[in-house]
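Data block below; observations after.
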Amino acid sequence: MASTAISPNSPASSGEMQAIDFSRVEEVRQKHELLIEYIKLKSLDSLLILDPANFAWFTAGADNFREVNGPPIAAILVTTEARVVLCNNVDSGEIFDKELMGLGFLLKERPWTEGREVLLNDVCRGRNIGCDTHLPGTTLIADDLQPFRSHFMETEVERVTELGHDIAHALEATGRNFPVGSTESEVAGHLAHRLMKNQIHPVRIQVMADGQGWRYRHWKHGADRIERHCVISVMGRRSGLHVAATRTICFDAPSDELDNVHQLATLVQATGIYFSQPEWSFRETWKRVARIYEKFEVPDEWRAAEQVELLGYKTVEDQLTPDSPKCLQKNQLIHWHPSVRSSVVGDTFLISEKGVENLTPVTNWPVLSVTVKGTKIDRPGILVR
């Protein structure tokens, strides 16, 4: 039988061509309009976007890096009339075919043998440009772009809601099914596999066996075997957005100590959830949370680790502390993850006009109900295997 050679230059079949996502097209258009207003307000000629968080925000979910924490491989020059991707000849095809298909971006390309700074310097020369990273000859505007990222459009809410459900599903499936006697790292591997099957990048995975988290609140995972119980926490990224969640698993009935600290951490979290309302000063929210710690005679437990932050296109858009002056806003993501001794509870929520919506709900998992100000709030319990 004769074989047919396929040339790299052959036209792609309709099955190989990526369909244009018109919701992303409109999202990018609206974000471009926001930046045009900003450019005019600041009397700039254009903006240069290099930060991966801002790149993902502006493109409705595209990546501009090869490896996490690696240098950006592409930038975007935003003017009042156009949006131009700046990159080398090696990466331009993949970026446009995979990340930016049909979204209305132009391309300014240079050979890979030429350093990135040469192209950036060329487009900046003689212009008044704002840049989201430190670049000589430009005005740093990184802090100004943070509010743009933190207030989600409807399409972003849809993406992050789907992401939250997928992360919760992968986390709970891992908790139900990992073999007894597994090491922390083996469990982390099972979870990473489930995430990556759904195109979710595992930004952070913690597997804390038998009270490991009491000593090290930021413990990741190691060679210790899980003999009695464990806490699994995960943060995942897809389309540039981040969501996090935590679950606790116990072999046989939990000890009184584990049961008590889990219930207390859950009560703290439920209080934080209830009082995370739009237009509320976080200081007022925190006062209610601190009272729970004090009431149950662990007034300083919150000092052992971070309790809550705003998520988004960065893993931490804003670290919230007892003295944070920030007012919470609708369509922000808030990750409540209080810890009490060996127990950690964590989920990601959307602050909305309807109230606080859980983006990582339980599906096939025990539920622990907590009542705050007459309102029942269902939270993940301890899965007993």
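General remarks:
- Answer residue from the range 93-109, given it is in a strand (DSSP E or B) and touching a residue at least 24 places away in the same chain (Cβ under 8 Å) and is farthest from VAL25 (Cα to Cα) among those: LYS108
- Residue count, the range 96-106 (criterion: surrounded by 14 or more Cβ atoms within 10 Å (Cβ to Cβ) and within 15 Å of PHE55 (Cβ to Cβ)): 5
- Those residues of the range 286-319 which are charged (D, E, K, R), under 28 Å from ARG149 (Cβ atoms) and in contact (Cβ under 8 Å) with a residue 24 or more places away in the chain, in sequence order: GLU306, GLU309, LYS314, GLU317, ASP318
- Apart from one condition, TYR274 fits all of (1) among the aromatic types (Phe, Trp, Tyr); (2) open to solvent by less than 40 Å² (accessible area, probe 1.4 Å); (3) farther than 21 Å from ARG385 by Cα; the exception is (2).
- Whichever residue in the range 320-357 is among the β-branched types (Val, Ile, Thr) and touching a residue at least 40 places away in the same chain (Cβ under 8 Å) and, among such residues, is surrounded by the most Cβ atoms within 10 Å (Cβ to Cβ): VAL345
- Set GLU306, GLU227: member being over 20 Å from the mean Cα position of the chain (by Cα) and farther than 15 Å from PHE349 by Cα: GLU227
- Positions within the range 128-146 being surrounded by 15 or more Cβ atoms within 10 Å (Cβ to Cβ) and either not in a helix (DSSP H, G or I) or not hydrophobic (A, V, I, L, M, F, W, C) (or both), in sequence order: ILE129, GLY130, CYS131, ASP132, THR133, LEU135, THR138, ILE141, ASP144, GLN146
- Selection from the range 161-189 of residues that are part of a helix (DSSP H, G or I) and surrounded by 21 or more Cβ atoms within 10 Å (Cβ to Cβ): LEU163, GLY164, ILE167, ALA168, ALA170, LEU171, GLU172, THR174, GLY175, GLU184, VAL187, ALA188
- Among the residues of the range 359-385, those identified as open to solvent by 40 Å² or more (accessible area, probe 1.4 Å) and either in contact with a Ser or Thr (Cβ under 8 Å, 6 or more places away or on another chain) or assigned to a loop (DSSP other than H, G, I, E, B) (or both) are VAL362, THR363, ASN364, PRO366, LEU368, LYS373, GLY374, LYS376, ASP378, ARG385.
- Hits in the range 245-260 (condition: open to solvent by less than 10 Å² (accessible area, probe 1.4 Å), assigned to a helix (DSSP H, G or I) and either within 19 Å of ASP378 (Cβ to Cβ) or of a type in the set (D, E, K, R) (or both)): none
- Members of the range 275-285 that are touching a residue at least 12 places away in the same chain (Cβ under 8 Å), part of a helix (DSSP H, G or I) and more than 14 Å from LEU310 (Cβ to Cβ): ARG283
- Subset of the range 71-95 [modelled with pLDDT under 95 and open to solvent by 20 Å² or more (accessible area, probe 1.4 Å)]: PRO71, PRO72, ILE73, ASN88, ASN89, VAL90, GLY93, GLU94
- Lone unmet requirement of (1) under 30 Å from ASP21 (Cα atoms); (2) modelled with pLDDT under 95 for THR113: (1)
The values are calculated or read from the model by the stated rules, or taken from the named source; none is laboratory data. Worth saying up front: this structure is predicted, and the values here are computed from it rather than measured. Heads up, the Cβs are rebuilt from the backbone with ideal geometry, glycines too, and the neighbour counts pull from every protein chain shown. Accessible surface areas use protein heavy atoms only, side chains included; no ligands, DNA or RNA. Shrake-Rupley method; radii C 1.70, N 1.55, O 1.52, S 1.80 Å.
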